[in-house]
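Visitor: Next up is a structure, given as structure tokens.
The values are calculated or read from the model by the stated rules, or taken from the named source; none is laboratory data. Owing to the predicted nature of the structure, the values given are computational and were not obtained by experimental measurement. Every residue, glycine among them, receives a Cβ derived from its backbone with ideal geometry; neighbour counts consider all protein chains shown.
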Amino acid sequence: MQLYLPIADLPVNVFLVLAMGAAVGFVSGMFGIGGGFLMTPLLIFIGITPAVAVASVASHIAASSFSGALSYWRRRAIDPALASVLLCGGVTGTALGVWTFTQLRALGQLDLMIALSYVVLLTTVGSLMFSEGLRALMRTRRGAVPPRRTHNWIHGLPLKMRFKRSKIYLSVIPVLIVGTMIGFIGAIMGIGGGFILVPIMIYLLRVPTSTVIGTSMVLTLVTMLVATLLHAVTNHLVDAVLALILMVGGVTGAQFGARAGQKIRGEQLRLLLGLLILSVGVRFAIELVIRPEDLFTIREVGVST
Amino acid sequence: MMRTLLAALLVLLLGSAAQAERLIVSVSNHRVTVTPNYSGEELVLFGSVEKDATTPADRTAYDLVVTVIGPRADMVTRRKERKFGIWINTDYRQFLQVPSYLALFANRPFDAITSPEIARRQQIGLNNVLLTQRVSGDFADVVPNDAFRSAFIRLRTERGLYREDPSAVTFLTPTVFRTGIPLPAEVPIGTYEIEIKLFANGALVTKTETAFEIVKVGFEQFVATTARQNGLIYGLATAAMALMTGWMASIVFRKD
């Protein structure tokens, strides 16, 4: 069934988009991530311009992270204090990100920047995750105990605050910086940033695993809502019809993914996720390096009717 | 002064007297609606050449050139170049108020209809259509084989938005003709002008114009206009929709 997307200005097959949403939802449910880093490239692949893809995926991630955050909230797995400090940074970062997005679009370098950010971020995070998963797998195979967590330099920073539910005593400076960073790259790349945020919170901020995913989902939810709003107001690029189809497919797929994810061991899961992220990054890299099929592109500046 | 004016008037009168033919045309649909399941369609333009007493008796064979011009817009064409091992946009040209849709149809090859000089003046053929570029502060069209110009035309043609077909016009009788106007799925909305030029023995005899419009209707038109005009409300609605979907999912799939 063909459906005409009003903002993307393109007819698409509804079932194809639904299936894409479900597939990405499955992966995101399995790994407990938003899945934006898979959704945006897939949309670009079926011919939607990177700008519209980034803007529309933001609302899709908002939907899936809201359903996630609700169930974590019921299980009291969200740290409200930590979430609000992260949000202060996150909202600032998103606003900066959307502003940068607009500027880059005017310069005609937006597509390049999206591709470059994907390459840099995904290959780095992917290979880190992959090697970490590999090491963890080796350790369990050898039967060794994981190294004990120690405090690092971050815990020496001033302006400390007590986060009750997470049971940590931490400076607000790194939390704000992390929030800003995630908000910024999320707005530019159309990702929730969960797959970066969760490792940072675990390894750098030493947030306990009980609250880390729920809290990161709150940040994702709010930054993506703000990103949707700002993209709609400044660039008029959010395709609500596209977003709705993605949401419906996404939240459904996520439920099955979550069940599948419980059957796989944590290290293997991380290894798989690392591999997945790495392969998306490499794909973008290849696209940048090989000679494009067409050296020319056209963009409409504004229709005068 | 008076004499030149009279002479001009005489030429004008003679000129109009020489225009012994009249063109009567109509399109099959003056208002094309783009619905959510719109996947392109074809309009039909038909018409006839009306002769009168002053038409030279030896004039029997006519040639027709039909130009369809969609709503005009500014467009930027960019060229990628290899820099630091990766392909990035470097150079660009801005095309000013160029048609977003352009189709040129005729009953036989353009060069067989008229001389290159007239074809250029009457903008017949994609190579002769005026596409104004902004070249470092200047406004001009460039030579037809300019890299940006030909890339622009090639890309628009690939999307079905620019086309020329010198065999699309068919004469059903020596004076009655028809041609199809294919509109692709991603057709720009707005007013489309159609220019019909009648040639005989290589000279422009007469021309006429008609138009049709393409409008989006229903839900999707509503979405598109709201997004453009009420960005804030649209954004809020989309955000609310996201929250609703997420909330519904958490109710439907609730496990505890």
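Visitor: Here are A:Gly193, A:Gly186, A:Gly179: which of them is in contact (Cβ under 8 Å) with a residue 12 or more places away in the chain, within 14 Å of A:Ser84 (Cβ to Cβ) and crowded, with 20+ Cβ neighbours inside 10 Å?
Guide: A:Gly179
Visitor: Here is a follow-up. If you take the residues of region B:80-130 that are of a type in the set (Asp, Glu) and either within 14 Å of chain A (Cβ to nearest Cβ) or part of a strand (DSSP E or B) (or both), which of them is nearest to B:Glu42 (Cα to Cα)?
Guide: Only one residue tops the list, namely B:Asp91.
Visitor: Then there is this: May I ask you to verify whether A:Phe37 is under 16 Å from the mean Cα position of the chain (by Cα), at pLDDT 80 or above and of a type in the set (Phe, Trp, Tyr)?
Guide: yes
Visitor: Looking at region A:64-97 only, could you name the residues that are within 11 Å of another protein chain (Cβ to nearest Cβ) and either closer than 30 Å to B:Thr90 by Cβ or buried (at least 24 other Cβ atoms within 10 Å of the Cβ) (or both)?
Guide: Matches in region A:64-97: A:Ser64, A:Ser65, A:Phe66, A:Ser67, A:Gly68, A:Ala69.
Visitor: Going by the conditions given, is B:Ala211 in a strand (DSSP E or B), touching a residue at least 24 places away in the same chain (Cβ under 8 Å) and among the aliphatic types (A, V, I, L, M)?
Guide: So B:Ala211 passes the test.
Visitor: Only residues that are part of a loop (DSSP other than H, G, I, E, B), over 11 Å from the mean Cα position of the chain (by Cα) and of a type outside the set (Val, Ile, Thr): list them for region B:161-181, please.
Guide: B:Pro166, B:Ser167, B:Ala168, B:Leu172, B:Pro174
Visitor: If you don't mind, there's one more thing I want to ask. Go through region B:212-243 and count every residue that is more than 34 Å from the chain's Cα centre (by Cα) and at the interface with another protein chain (Cβ under 8 Å from one of its Cβ atoms).
Guide: 7
Visitor: Only one residue in A:Leu116, A:Leu122, A:Leu107 is without any contact (Cβ under 8 Å) to a residue 40 or more places away in the chain and among the aliphatic types (A, V, I, L, M). Which one?
Guide: Result: A:Leu107 is the single residue among A:Leu116, A:Leu122, A:Leu107 that is without any contact (Cβ under 8 Å) to a residue 40 or more places away in the chain and among the aliphatic types (A, V, I, L, M).
Visitor: Ok, one more. In region B:50-71, how many residues are of a type outside the set (Val, Ile, Thr) and either touching a residue at least 40 places away in the same chain (Cβ under 8 Å) or buried (at least 20 other Cβ atoms within 10 Å of the Cβ) (or both)?
Guide: 9
Visitor: Suppose we keep only residues that are assigned to a strand (DSSP E or B) and exposed (fewer than 15 other Cβ atoms within 10 Å of the Cβ) within region A:1-27. Which one would you say is nearest to the other protein chains (Cβ to nearest Cβ)?
Guide: Step by step, filter region A:1-27, then rank; the result is A:Gln2.
Visitor: If you don't mind, another one. Being crowded, with 19+ Cβ neighbours inside 10 Å, within 14 Å of chain A (Cβ to nearest Cβ) and under 23 Å from the mean Cα position of the chain (by Cα) is the requirement here; does B:Arg154 meet it?
Guide: Judged against the criteria, B:Arg154 is not a match.
Visitor: OK, next. Within region B:67-79, work out how many residues are within 14 Å of another protein chain (Cβ to nearest Cβ) and either touching a helix residue (DSSP H, G or I) at 6+ places or on another chain (Cβ under 6 Å) or more than 30 Å from A:Asp111 (Cβ to Cβ) (or both).
Guide: Final tally of qualifying residues: 1.
Visitor: While we're here: Can you report the number of residues in region B:170-211 which are more than 23 Å from B:Ile118 (Cα to Cα) and within 14 Å of chain A (Cβ to nearest Cβ)?
Guide: Residues in region B:170-211 being more than 23 Å from B:Ile118 (Cα to Cα) and within 14 Å of chain A (Cβ to nearest Cβ): 11 in total.
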